[in-house]
Amino acid sequence: LERTFSIIKPDATNRNLTGAVNAVIEKAGLRIVAQKRIRMTQEQAETFYAVHKERPFFGELVSFMVSAPVVVQVLEGENAIAKYREVMGATNPANAADGTIRKLYALSVGENSVHGSDAPETARIEIAQFFAGNEIAG
Ligand code: GTP
Ligand code: MG
C-alpha cells in the first residue's frame, strides 16, 4: 500500500468543509491513517512550497496557507498518490472533473481546497515535514 500527504486548505476549513472533504476521500477508498489540525507558520509554508518560490503567486500562496488553520493528513491505499490526485481534480476548479473535491468545493486556482503529493519522493518528504512515525497508524 502507498501513502500520500494531503492538506485541507484554509478556504475549506473556513467553510467547515473538513468532514465533507474527508467523506469524498473515504468514499474513494483512501484510508486516513494520520490527521491533525494545525496553524501553519510562515516558515513551514515557505518550506513546504519552496519548489514554487520563483513563481509570481508564491507570496499569495504562502499568505493564504497561513491565513487560517489547515488539516494535514496521511492517506493510504492502492496507488494512493495517483488516486488522490484524481479525487482532488485539476488545480484550477474550472477544469476539474465532476465529483472531484475541487469541482465540488474549490473557489479558485489559489483557494483550491486541497493539496496532494505528486510523486513518491515528494510524498515521503511532505509526510516527514508534518508527522513523526508514531503519529501514523495504518
Ligand atoms: P498542490 O496539490 O497544492 O501542490 O496543487 P497542484 O499540484 O494541483 O498545483 P501546483 O503544484 O502546480 O501548484 C501548487 C499550488 O499553488 C496550487 O494548488 C495553488 O494553490 C497554487 N497556485 C497555482 N497556480 C496559482 C495561481 O495562478 N495563483 C495562485 N494564487 N495560486 C496558484
Ligand atoms: Mg503540486
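Bear in mind that the values in this text are calculations on the coordinates, not laboratory data. The structure displayed is predicted, hence computed values, not measured ones. Using ideal geometry, Cβ is built from the backbone for each residue, glycine included, and neighbour counts are taken over all protein chains shown.
Filtering the stretch 38-64 to residues that are within 17 Å of Asp118 (Cβ to Cβ) and under 14 Å from the mean Cα position of the chain (by Cα) leaves Phe48, Tyr49, Leu61.
Among the listed residues Gln129, Gln73, which satisfies the condition of being more than 12 Å from ligand 1 (Cβ to nearest atom) and over 17 Å from Ala12 (Cβ atoms)? If you could, list the steps in order and put the result at the bottom.
Numbers: Gln73 fails: over 17 Å from Ala12 (Cβ atoms).
Step by step, each of Gln129, Gln73 is checked, and only Gln129 is more than 12 Å from ligand 1 (Cβ to nearest atom) and over 17 Å from Ala12 (Cβ atoms).
Those residues that are surrounded by 19 or more Cβ atoms within 10 Å (Cβ to Cβ), outside any helix (DSSP H, G or I) and not polar (S, T, N, Q), I need them from the stretch 1-16; list them, please. Residues satisfying the conditions are Arg3, Phe5, Ile7, Ile8, Lys9. Close Cβ contacts (under 6 Å, 6 or more residues apart or on different chains) running from residues in the stretch 87-98 that are farther than 10 Å from Asn112 by Cα and outside any loop (DSSP other than H, G, I, E, B) to residues that are more than 8 Å from ligand 1 (Cβ to nearest atom) and aliphatic (A, V, I, L, M) comprise Val87/Ala28.
To keep it simple, each residue is scored yes or no on (1) in a helix (DSSP H, G or I); (2) at positive phi; (3) of a type in the set (Asp, Glu); (4) surrounded by 15 or more Cβ atoms within 10 Å (Cβ to Cβ).
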| residue | (1), (2), (3), (4) |
| --- | --- |
| Gln35 | no, no, no, yes |
| Met40 | no, no, no, yes |
| Ala45 | yes, no, no, yes |
| Arg55 | no, no, no, no |
| Gly59 | yes, no, no, no |
| Val62 | yes, no, no, yes |
| Ser67 | no, no, no, yes |
| Val72 | no, no, no, yes |
| Leu75 | no, no, no, yes |
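With respect to (1) within 13 Å of ligand 1 (Cβ to nearest atom); (2) exposed (fewer than 15 other Cβ atoms within 10 Å of the Cβ), the lone exception for Tyr49 is condition (2).
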